[in-house]
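The values are calculated or read from the model by the stated rules, or taken from the named source; none is laboratory data. Quick caveat: nothing in here was measured; it's all calculated off a predicted structure. Because the Cβ atoms are built from the backbone with ideal geometry, glycine has one as well, and the counts that use them run over all protein chains shown. Note: areas computed on protein heavy atoms with side chains; ligands, DNA, RNA excluded. Shrake-Rupley method; radii C 1.70, N 1.55, O 1.52, S 1.80 Å.
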Amino acid sequence: MKTEIARGALYGCAAWLAYGALEFALSVGSDLFGYPEAAIMPWQWPLIALTLAAYAGAGIALGALGGWLAAVFHRKKVEDARAMAILSLAFVYLLNLFLAWRYGQPDYVDTLAAAMLCLALGGVVFSDGWARRFGFLATPWGAGLLLLGGPWLMSQAIDQGMTRAVGVSLELACVCGVFLAMFAASRRRRGLGASPVRQLAGALAATGVLAALAAATRGDPSIPEIRSAPAAHPGTNIILITMDTVRADHLSLYGYGRDTTPHLREFARDATVYTRAVASSDFTLATHGSIFTGMYPEWDGATYGADGVPMSLDPGRRTLAEILQARSYSTAAIVANFGYLGPSWGLLRGFTAADWSRPVALSSAWRLFYLRESVRRLLRLVSWPNMVAGFDRPTRTAEDINRQAFRFLSRQRPGDAPFLLFLNYMDAHDPFVPAAPFDTRFEGWYPRINPRRYVGWLLQVNVDQKPLTTAERDNLVSQYDGGIAAEDAAIGELFRRLREMNLYDDALLIVMADHGESLGDRNLMSHSNTSVYQDQIHVPLIVKYPRQREGSRSDRLVSDVDLLPTVLDVLGSPCPADLQGQSLRSAADREEVFSYAIAHRFWAAANSRFKGVRRAIFSGSLKFISWSHGPSELYDLSADPDERRNLYAPDRREAAELSQRLDRWARSAPRRGPKPAAVDRSTIERLKTLGYAQ
């Protein structure tokens, strides 16, 4: 009996590892070769190894059980042990498919194929006649391909825009083709096939080769090297950092109760903190357009159109990078937000080198047929919830961004042309899975709350089906704050490196956020949902000017459209007359700043509160909000920073005056006709990954 158990364990390990290698090749391989920005990040390798180890462990345990059962029923043939091992894989895969049905993804073809494979292998074990007819199915690689090939092919077809009927047809053809290929191969094969040791060795070797190929093909990428010409004259290096989705009131630097930003607080000792910085909109595309052009979204074109479809930056607008490139600057961008900061939207124009890589997808809500989805759920139940959360992390960590930034900085030599380095961190963006130790830094974390539930909460809250519970919000906020702390730590490490390289004092350093996040406020979640409220547009802004050595705070009203004029002012360059921003160093007080929000068409169709356009004007301590589909609002932010008391009345003088000024500003925006969005399907998939499209 011991022999049968050992043989079953070896066959089981070989079968499950072969399946794992195929799953890795199909899922990771299609991601790597289908999307130029996909790469395997260093922190993903332990997750991949953990998944394969789980497969090997399951194969050993179930294979040994199958060997024992074969011995109990006096079935001691090699074919029986092999068939039992593969039967365990097919049976678990079938259970996984039924579990996927719970999440609304029935696949009848794959389910039928898996059920038929289980039936055939069961017959092989207990019937010599069936063994002669269907024994060819008891091969690890063939069985794995029979299970995975069809649903993978269908998912790829649907990703390419084909109908489900076409996908099902391809899936049927794949299942039949694999079955016939296995049958034909069995006719040519002699003997009983490889021994369990050889099969296991083959599975291990194949797994290792695939991992090596993936690492060599698209491992941790490096930003392309810029060959700088020697500088004709000294220039000011510029480092611009955006903390994606970070609201000002969650930074301890701005008075938040949790110490989320100790390194930024240290930075502020020799920098200027702007306490009243306003984002031009509530989502990444629009606000980064304003940062790079000095124009509001309706003027530079980088926003949602009237139909709720995102539009790229107007090709006629010169960006900060283009202006500096014309001044012989080296320009490099290293960004985590591959959705809106990728090349499709025009925001990377002028950057000589750009790295917008993302992690390969190790987990997907659209491909629940992979067994790793069940492995991920099981690991969350038994242990390692913080490590397993990495399965759901769609973007690079701040540490990943820094690693590339350090590579860029290490290439700078004395006498080289000055550089613009743009960094975008995204650890505080949904689905809120900061890396350790920041995931447990703050109270409120519930390890049993699956990050996958975020999408469900988002949909239910935003369509008024439910509010967040206290536990849900506490968990959400703890992970959001952990993401901010992770970015703060990375910024602190970056500045330490700049000091070591003697690049800190003379540089212009800008740290800001592009917009905020709702976190359940006003019964809203996420952003990009027609919000011009403070939780989404009051953002941090800290600037260290060249050779500044004393900290200061400014309560002036400023906007992200002021960044480009500020850079030009620091460089001593004239500011184009058509820019809507002004230098942060200007002596003139700002009379007014504006913000504008329009929702993605998905949200506009989902709930009436997301329809139309909201605009806000800030003047002094007053803020007036107009909405094309609802009532106006007026707040005195000096007395009511959380906007809880609407002071609007039609006959109120301040409201009427601000309404007229806001209306004049809105009417002066360029009238753009319907602009066809040149968005390919792969770009849409990228936006889906980040929750920007449904």
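Of all residues in the stretch 18-32 being open to solvent by 10 Å² or more (accessible area, probe 1.4 Å) and either free of Cβ contacts under 8 Å to residues at least 60 places away in the same chain or under 13 Å from GLY208 (Cα atoms) (or both), which is farthest from the chain's Cα centre (by Cα)?
For the stretch 18-32, the residue satisfying everything is LEU22.
Scan the stretch 466-485 residue by residue and report those that are among the aliphatic types (A, V, I, L, M), open to solvent by less than 10 Å² (accessible area, probe 1.4 Å) and in contact with a helix residue (DSSP H, G or I) (Cβ under 7 Å, 6 or more places away or on another chain). Talk me through it step by step, then tell me what you get.
Here is the first cut: in the stretch 466-485, the residues among the aliphatic types (A, V, I, L, M) are 468, 471, 476-477, 484-485.
Subsequent filtering for residues that are open to solvent by less than 10 Å² (accessible area, probe 1.4 Å) retains 476, 484-485.
Matches in the stretch 466-485: ILE484, ALA485.
Might you let me know whether the stretch 159-170 holds any residue that is in a helix (DSSP H, G or I), small (Gly, Ala, Ser), touching a residue at least 40 places away in the same chain (Cβ under 8 Å) and open to solvent by 10 Å² or more (accessible area, probe 1.4 Å)? Talk me through it step by step, then tell me what you get.
Our first condition is that a residue be in a helix (DSSP H, G or I); within the stretch 159-170, this holds for 159, 164-170.
With small (Gly, Ala, Ser) added as a condition, the list becomes 165, 167, 169.
Still in the list and also touching a residue at least 40 places away in the same chain (Cβ under 8 Å): none.
Checked against the condition, which is being in a helix (DSSP H, G or I), small (Gly, Ala, Ser), touching a residue at least 40 places away in the same chain (Cβ under 8 Å) and open to solvent by 10 Å² or more (accessible area, probe 1.4 Å), the stretch 159-170 yields no hits at all.
In the stretch 1-17, how many are touching a residue at least 12 places away in the same chain (Cβ under 8 Å) and of a type in the set (D, E, K, R)?
Counting residues in the stretch 1-17 that are touching a residue at least 12 places away in the same chain (Cβ under 8 Å) and of a type in the set (D, E, K, R) gives 2.
When the stretch 37-63 is examined, which residues are found to be open to solvent by 20 Å² or more (accessible area, probe 1.4 Å), more than 16 Å from VAL388 (Cβ to Cβ) and touching a Lys or Arg at 6+ places or on another chain (Cβ under 9 Å)?
PRO42
With SER357, SER363 as the choices, which residue is of a type outside the set (Lys, Arg) and at pLDDT below 90?
On the way: SER357 fails: at pLDDT below 90.
One residue alone meets the criteria, SER363.
Tally time: how many residues in the stretch 583-618 are closer than 17 Å to SER554 by Cβ and of a type in the set (S, T, N, Q)?
2
At pLDDT 90 or above and under 29 Å from TRP152 (Cα atoms), is that true of THR395? Reasoning before the result, please.
On the way: at pLDDT 90 or above: yes; under 29 Å from TRP152 (Cα atoms): yes.
Yes.
So LEU458 ticks every box in (1) in contact with an Asp or Glu (Cβ under 6 Å, 6 or more places away or on another chain); (2) assigned to a helix (DSSP H, G or I); (3) over 30 Å from GLU322 (Cα atoms) but one. Which box is left unticked?
Against the list (1) in contact with an Asp or Glu (Cβ under 6 Å, 6 or more places away or on another chain); (2) assigned to a helix (DSSP H, G or I); (3) over 30 Å from GLU322 (Cα atoms), LEU458 comes up short only on (1).
Which condition number does ASP562 fail, the rest of (1) open to solvent by 10 Å² or more (accessible area, probe 1.4 Å); (2) over 30 Å from ASP464 (Cβ atoms); (3) charged (D, E, K, R) being met?
Looking at each condition in turn, ASP562 falls short on (1).
So, in the stretch 591-626, of the ones that are touching a Ser or Thr at 6+ places or on another chain (Cβ under 8 Å) and open to solvent by 30 Å² or more (accessible area, probe 1.4 Å), which residue ends up farthest from VAL561 (Cα to Cα)?
ARG609
How many residues, within the stretch 459-485, are closer than 20 Å to VAL543 by Cα and either aromatic (Phe, Trp, Tyr) or in contact with a strand residue (DSSP E or B) (Cβ under 8 Å, 6 or more places away or on another chain) (or both)? Reasoning before the result, please.
Of the residues in the stretch 459-485, the ones closer than 20 Å to VAL543 by Cα are 484-485.
After this cut, where a residue has to be either aromatic (Phe, Trp, Tyr) or in contact with a strand residue (DSSP E or B) (Cβ under 8 Å, 6 or more places away or on another chain) (or both) as well, the list is 484.
Matching residues across the stretch 459-485 total 1.
What's the total number of residues in the stretch 638-674 that are among the basic types (Lys, Arg) and in contact with a helix residue (DSSP H, G or I) (Cβ under 9 Å, 6 or more places away or on another chain)? It would help to see each step written out before you state the result.
Initially, the stretch 638-674 is screened for residues among the basic types (Lys, Arg), giving 644-645, 652-653, 661, 664, 667, 671-672.
From what is left, the residues that are in contact with a helix residue (DSSP H, G or I) (Cβ under 9 Å, 6 or more places away or on another chain) are 672.
Of the residues in that region, 1 qualify.
So LEU420 clears everything in (1) buried (at least 18 other Cβ atoms within 10 Å of the Cβ); (2) more than 30 Å from THR331 (Cβ to Cβ); (3) not β-branched (Val, Ile, Thr) except one condition, right? Which one?
(2)
Of the residues ALA587, ALA655, ALA616, only one is under 27 Å from ALA248 (Cα atoms) and in a strand (DSSP E or B); which? Reasoning before the result, please.
Working: ALA587 fails: in a strand (DSSP E or B); ALA655 fails: in a strand (DSSP E or B).
The unique qualifying residue is ALA616.
Would you mind finding the one in GLY346, GLY339, GLY301 that is touching a residue at least 24 places away in the same chain (Cβ under 8 Å) and in contact with a helix residue (DSSP H, G or I) (Cβ under 6 Å, 6 or more places away or on another chain)? Step through it out loud before you land on a result.
Numbers: GLY346 fails: in contact with a helix residue (DSSP H, G or I) (Cβ under 6 Å, 6 or more places away or on another chain); GLY301 fails: in contact with a helix residue (DSSP H, G or I) (Cβ under 6 Å, 6 or more places away or on another chain).
After ruling out the rest, the residue left standing is GLY339.
If you go through the stretch 363-410 one residue at a time, how many are in a helix (DSSP H, G or I) and more than 14 Å from the chain's Cα centre (by Cα)?
Adding up the residues that qualify gives 26.
I want to confirm something. Restricting to the stretch 314-342 and keeping residues that are within 25 Å of GLN412 (Cα to Cα) and open to solvent by 40 Å² or more (accessible area, probe 1.4 Å), which single residue is nearest to the chain's Cα centre (by Cα)?
Here the residue is GLU322.
Identify all residues within the stretch 204-218 that are at pLDDT below 80 and in contact with a helix residue (DSSP H, G or I) (Cβ under 9 Å, 6 or more places away or on another chain); write none if there are none.
Within the stretch 204-218, LEU210, ALA211, LEU213, ALA214, ALA215, THR217, ARG218 qualify.
Can you name every residue in the stretch 234-248 that is hydrophobic (A, V, I, L, M, F, W, C) and not in a loop (DSSP other than H, G, I, E, B)? So that I can check it myself, show each step before the final result.
Step one: filter the stretch 234-248 for residues hydrophobic (A, V, I, L, M, F, W, C), giving 238-241, 243, 246, 248.
Matches in the stretch 234-248: ILE238, ILE239, LEU240, ILE241, MET243, ALA248.
What is the residue count in the stretch 1-28 for residues that are small (Gly, Ala, Ser) and in contact with a strand residue (DSSP E or B) (Cβ under 9 Å, 6 or more places away or on another chain)?
Here the count works out to 0.
With the condition kept exactly as written, say whether any residue in the stretch 532-540 is free of Cβ contacts under 8 Å to residues at least 60 places away in the same chain, surrounded by 18 or more Cβ atoms within 10 Å (Cβ to Cβ) and not polar (S, T, N, Q). Spell out the reasoning first.
Residues of the stretch 532-540 free of Cβ contacts under 8 Å to residues at least 60 places away in the same chain: none.
There is no residue in the stretch 532-540 that is free of Cβ contacts under 8 Å to residues at least 60 places away in the same chain, surrounded by 18 or more Cβ atoms within 10 Å (Cβ to Cβ) and not polar (S, T, N, Q).
For the stretch 503-528, which residues satisfy the criterion of being within 12 Å of VAL461 (Cα to Cα) and open to solvent by less than 10 Å² (accessible area, probe 1.4 Å)?
Matches in the stretch 503-528: SER518, LEU519, MET525.
Please pick out the residue among SER363, SER374, SER344, SER312 that is under 22 Å from GLU399 (Cβ atoms) and of a type outside the set (D, E, K, R).
On inspection, the qualifying residue turns out to be SER363.
Is it the case that ASP244 is of a type outside the set (A, V, I, L, M, F, W, C), at pLDDT 80 or above and touching a Phe, Trp or Tyr at 6+ places or on another chain (Cβ under 8 Å)?
yes
Keeping to the stretch 352-362, report how many residues are open to solvent by 20 Å² or more (accessible area, probe 1.4 Å) and assigned to a loop (DSSP other than H, G, I, E, B).
Residues flagged as open to solvent by 20 Å² or more (accessible area, probe 1.4 Å) and assigned to a loop (DSSP other than H, G, I, E, B) within the stretch 352-362 amount to 3.
Quick one: in the stretch 99-121, which of the residues that are assigned to a helix (DSSP H, G or I) and modelled with pLDDT under 85 is surrounded by the most Cβ atoms within 10 Å (Cβ to Cβ)? Working first, answer last.
We begin by selecting, within the stretch 99-121, every residue assigned to a helix (DSSP H, G or I); these are 99-102, 108-121.
If we keep only those that are modelled with pLDDT under 85 too, we end up with 99-102, 108.
On the way: LEU99: 15, ALA100: 21, TRP101: 13, ARG102: 9, TYR108: 11.
My answer is ALA100.
Inside the stretch 249-346, counting only helices (runs of 4 or more DSSP H) that do not spill past its ends, which hold 2 or more residues that are over 24 Å from ASP578 (Cβ atoms)? Step through it out loud before you land on a result.
Numbers: elements: 262-267, 284-293, 297-300, 320-326.
Passing ranges, in order: 262-267.
Using beta carbons and a limit of 9 Å, which pairs, at least six apart or on different chains, have the first residue in the stretch 175-186 and in contact (Cβ under 8 Å) with a residue 40 or more places away in the chain and the second one aromatic (Phe, Trp, Tyr) and crowded, with 16+ Cβ neighbours inside 10 Å?
MET182/PHE136; PHE183/PHE136; ALA185/PHE136; SER186/PHE136
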